[in-house]
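Report on one structure; see the data block that follows.
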Amino acid sequence: MTRWTPDPTFHPSPRDAANAPPEKLAYVAAFDRGARRPDAIVVLDTDPDSADYGQVVGWTDLPHRGDELHHFGWNACSSALCPTAPHPHVERRYLIVPGLRSSRINVLDTRPDPRQPRVVKVIGPEELAKRAGYSRPHTVHCGPDGIYLSALGGADGAEGPGGIAILDHTTFEVRGAWEADRGPQFLAYDVWWHLTQDVLVTSEWGTPSMIEDGIVGELLLARRYGHAIHFWDLATRRHVQRVDLGDQYQMPLELRPAHDPRRSHGFVGVVINVEDLSASVWLWHRDGDRWAVTKVIEIPAEPADPARLPELLKPFGAVPPLVTDIDLSVDDRFLYVSCWGTGELRQYDVSDPFHPVQTGSVRLGGIVARTPHPAAPDQPLSGGPQMVEVSRDGRRVYVSNSLYGAWDDQFYPDGVGAWLAKLDVDPQAGGLTADLRFFPHGEQFRGLRVHQTRLQGGDASSDSYCFP
Amino acid sequence: MTVAGWAALVALGVFHGVNPAMGWLFAVARGLQEGSQRALLLSLPPIAAGHLASVGLVAALVVATRSVTTSTALAVAGGLVLVGFGLWRLLSARHFRWAGMRLSSAQLAAWSFLMSSAHGAGLMLLPVLLVDPPGATAGHAAHPAGAPVGALTGLGAAAVHTVAMFAAALALALTVHRVLGLGVLRRAWFNVDRLWAAVLMVAGLVTLIHA
């Protein structure tokens with residue numbers, strides 16, 4: 001399917017993307033923890049002039065049960081304009097939706113009715129295993145030469161190595177494993193890149209057995225979860241450098257490189273420091289011809305009455321912030337940091353990436369705080385701001401509250417619930433305010449939990465740009 | 001080569017030059033990435049060299065082959081190849097794959113060579129190259145050995161074509177870089193691939209009709 005003029009949602013530069021019109025719809029991954037009914041892609045109305053603003057306006061059940069949707073992405077994005085292999089006349093149209101638990105990959109078509117996406121293809125776990133040798137697919141990125149899909153586990157029950165599978169741009173078939181030489185890399189989680197610099201970055205979570213039945217306390221205290229990030233040569237597909245954060249810094253997850261293709265830095269969030277339960281955000285940057293990391297944000301644990309803590313945390317008498325997602329605005333100015341444990345979303349001005357300055361905070365939910373949404377002040381909230389997505393123009397931030405089925409159950413044992421919130425941003429001074437009109441929750445999600453949000457036409461974590 | 005023939009070569013050169021996939025856009029990207037117009041300007045000669053190699057190869061082959069086989073057979077075969085290649089370009093959804101963006105000048109020339117070849121840039125010149133009966137070019141008629149001279153004519157044709165391509169790419173790259181900005185891409189980058197495929201097929205049909 002090709003067009004005569006470029007897809008209007010493709011932008012040569014981050015600046016062009018920031019000037020694009022606001023999103024009218026958002027797609028949200030929703031999953032049934034009990035696998036009794038199918039997971040779904042839920043469509044939310046984000047047009048403030050619409051009568052259905054903030055409501056669920058579309059719902060697409062997936063064909064199977066037990067996928068456990070987590071992250072997902074577009075078939076094509078602004079990287080289609082990259083000059084080495086341009087293909088600007090394809091459409092941003094299909095959502096590539098992996099099942100993190102089932103290893104199944106669902107492909108949804110958002111045309112002709114963007115409110116009712118249709119499932120047009122399902123790639124079974126056996127194809128991912130046979131062609132690429134991977135399982136537990138996670139992050140989806142639209143690359144200039146194919147769709148990059150990270151995966152946490154190996155094939156046929158193997159714990160690893162996890163890695164990256166390449167899907168064909170048009171048929172979405174699995175072409176194979178991306179790595180030509182993985183060096184010491186074994187654990188996998190997120191992937192992104194500095195596209196014009198031929199640099200790819202990956203992070204580390206754990207193997208399937210380390211995550212699927214919940215976080216394993218002994219492994220965590222033994223510092224066995226991931227604690228390094230990896231740099232690769234995007235052109236030759238070879239491992240270049242492993243940068244260890246220190247084994248107390250467990251689980252560096254989301255990778256957010258600068259959108260400006262001339263910049264060579266990015267941020268990675270670390271879930272927990274096992275020495276003091278703090279969370280942190282690190283900056284990666286060049287250091288001569290090598291890569292280095294610098295801790296630029298540290299968020300301490302908050303002391304709490306053990307009686308109010310779940311079993312896992314009782315011995316510590318404190319709530320860890322649990323930074324499980326971060327997101328960088330398209331103009332590279334504001335970094336958003338989700339503290340899923342304490343129930344807080346923080347905003348930092350990272351104009352000077354080495355010295356972030358906190359400019360905003362909103363509290364929602366939290367293991368102890370249970371802060372209600374101002375639109376429903378009598379209703380204590382479970383879960384906390386988790387997946388965070390920023391609009392292209394940087395004026396709106398969407399957060400959802402589930403982390404991962406088995407982990408939700410450990411940290412919020414009385415039920416994590418399901419809610420999304422939208423926060424308005426002052427793009428000049430910074431600062432976050434909850435939008436009272438946008439708080440879909442509870443029955444709107446029909447008992448499913450909500451994870452990643454993708455905005456119609458692209459968002460801050462979906463597109464890469466080849467021009468400054 | 002007739003005046004019309006040279007004019008056609010120049011026109012096709014301009015057509016190839018303005019196609020963003022043939023290199024001017026890459027030159028602009030390199031200029032912006034490095035923050036210098038110099039990087040843009042230095043990128044274009046290797047791109048043109050790669051294009052010349054791709055087109056010149058086809059031209060030299062065609063003109064050399066023509067001296068040893070009947071021009072009708074060659075024209076029919078060439079025309080069929082062109083129409084087929086045009087159809088394939090039109091219908092195939094495959095994208096040119098090239099992973100890296102930080103290229104040396106030699107790699108840039110290689111990229112351009114592959115890009116031009118994959119798009120069938122040289123093939124598009126077939127009707128122009130074939131319209132000239134062997135040995136008929138003024139001044140070359142007296143030479144007994146047709147092949148080497150013909151090959152030289154072919155290379156001359158490729159060179160003229162490439163100069164036109166280079167000029168068009170340079171003009172467009174500088175205009176976008178200095179005046180228009182990249183926002184113009186979103187409006188003005190119409191689907192050259194389809195037009196390209198159509199031109200290939202028209203070129204094939206013209207060749208067949210003249211055969």
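Please treat every number below as a calculation from the coordinates, not as lab data. No experiment lies behind these values; they were computed from the predicted model shown. Here Cβ is always computed from backbone atoms with ideal geometry, including for glycine, and neighbour counts include all displayed protein chains.
With R₀ set to 35 Å, the beta-carbon distance separating B:Leu114 from A:Arg111 gives a calculated FRET efficiency near 0.60. Across peptide B:31-38, the mean count of Cβ atoms from other chains lying within 10 Å of each residue's own Cβ comes to 2.
This model, with +1 at the C-beta of Lys and Arg and -1 at the C-beta of Asp and Glu, gives the protein assembly as shown a dipole about its Cα centre of some 2140 debye. Distance between the pseudo-spin-label points of A:Asp276 and B:Glu34 (7 Å out from Cα toward the beta carbon): 4.7 nm. Extension gain, A:Asp61 to A:Thr294: 0.36 nm times the residue separation minus the Cα-Cα distance gives 79.6 nm. Overall shape: oblate for the stretch A:78-148, with the ratio a/c of the largest to smallest alpha carbon gyration tensor axis at 1.5 or above and b/c at least equal to a/b. Peptide A:134-145 has a mean shielding of 1, counted as Cβ atoms of other protein chains within 10 Å of each residue's Cβ.
Residues of the stretch A:394-426 falling in the label zone of A:Lys314, defined by backbone nitrogen less than 12 Å from a point 7 Å along Cα to beta-carbon, are absent. Counting Cβ atoms of other protein chains within 10 Å of each residue's Cβ and taking the mean over peptide A:83-94 gives 6.
Here, the stretch A:308-358 yields an orientationally averaged convex hull projection of 4.2 nm² when only Cα atoms define the hull.
Between B:Ala77 and B:Arg102, the modelled labels are 4.6 nm apart [label points 7 Å from Cα along Cα→Cβ]. Each of the peptides A:336-345, A:453-462, B:80-89, A:270-279 was scored by the mean count of other Cβ atoms within 10 Å over its residues; in descending order, highest first, they stand as A:336-345, A:453-462, A:270-279, B:80-89.
When peptides B:8-16, B:193-201, A:375-383, A:300-308 are sorted by average Cβ neighbour count within 10 Å, with the highest value leading, the order is B:8-16, B:193-201, A:375-383, A:300-308. Of the trypsin sites (Lys or Arg not before Pro) found in the stretch A:1-62, those in coil by DSSP whose Cβ has at most 15 other Cβ atoms within 10 Å are A:Arg3, A:Arg36. For chain A, A:Cys339 have no disulfide-compatible partner, since no other Cys C-beta lies under 4.7 Å from theirs.
Neighbours of A:Thr202, meaning other residues whose beta-carbon lies under 11 angstrom from its beta-carbon, give a summed charge of -1 when Lys and Arg score +1 and Asp and Glu score -1. When Rg and the Kirkwood radius Rh are both evaluated on Cα atoms of the protein assembly as shown, their ratio Rg/Rh stands at 1.05. Each residue, A:Val120 and B:Val202, gets one label point 7 Å from its Cα in the Cβ direction; the gap between the two is 3.1 nm.
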